Amino acid sequence: MMHLFSSYCKPILLYALDSVHLSNSNLKSLTHSWHAVFWKLFGTSDVDCMNVIHRFMGSLPLVTVIDARRVGFLYRTMSCSNTVMNFVYDVFGRYELQALLAKYDITGICSPRRFTFLARN
């Protein structure tokens with residue numbers, strides 16, 4: 001059942017969020033919506049218990065998934081051959097990417113796949 005929600009509902013919930021900046025209120029609302037699935041499936045509302053369920057199932061918390069998608073978007077913007085996109089990255093994206101990497105204690109620029117691996121551990 002969880003695979004069904006992760007395959008169909010999660011992509012709809014996260015559609016195009018990697019290209020916009022989310023406020024804390026937006027993140028809280030999205031997290032609450034995703035936690036509602038866990039409340040219904042597992043009958044728990046304890047956040048610590050949900051984090052244990054995430055780890056047991058091999059998935060990341062929703063905020064980490066959103067951050068990983070954002071890192072992927074910024075990484076693709078940085079490595080794009082379009083000069084306009086490079087300028088947009090230099091003006092807006094460089095510091096956000098550094099802040100996201102620092103949030104997870106990751107040094108240096110890394111690919112989105114490596115970010116997900118390092119954020120998981």
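Quick note: the coordinates plus some simple rules give every number you see, no bench work behind them. No experiment lies behind these values; they were computed from the predicted model shown. So basically every Cβ, Gly included, is an ideal-geometry build from the backbone, and we count neighbours across all protein chains shown.
Miscellaneous remarks
- Any pair with Cβ under 8 angstrom, 6 or more apart, that starts in region 91-118 at a residue that is farther than 14 Å from Arg69 by Cβ and ends at one that is part of a loop (DSSP other than H, G, I, E, B) and hydrophobic (A, V, I, L, M, F, W, C): Leu101/Ile109; Leu101/Cys110; Leu118/Ile106; Leu118/Cys110
- Qualifying residue in region 15-31 (condition: under 15 Å from the mean Cα position of the chain (by Cα), without any contact (Cβ under 8 Å) to a residue 24 or more places away in the chain and at positive phi): yes
- The number of residues in region 70-107 being surrounded by fewer than 17 Cβ atoms within 10 Å (Cβ to Cβ) and either assigned to a helix (DSSP H, G or I) or basic (Lys, Arg) (or both) comes to 19.
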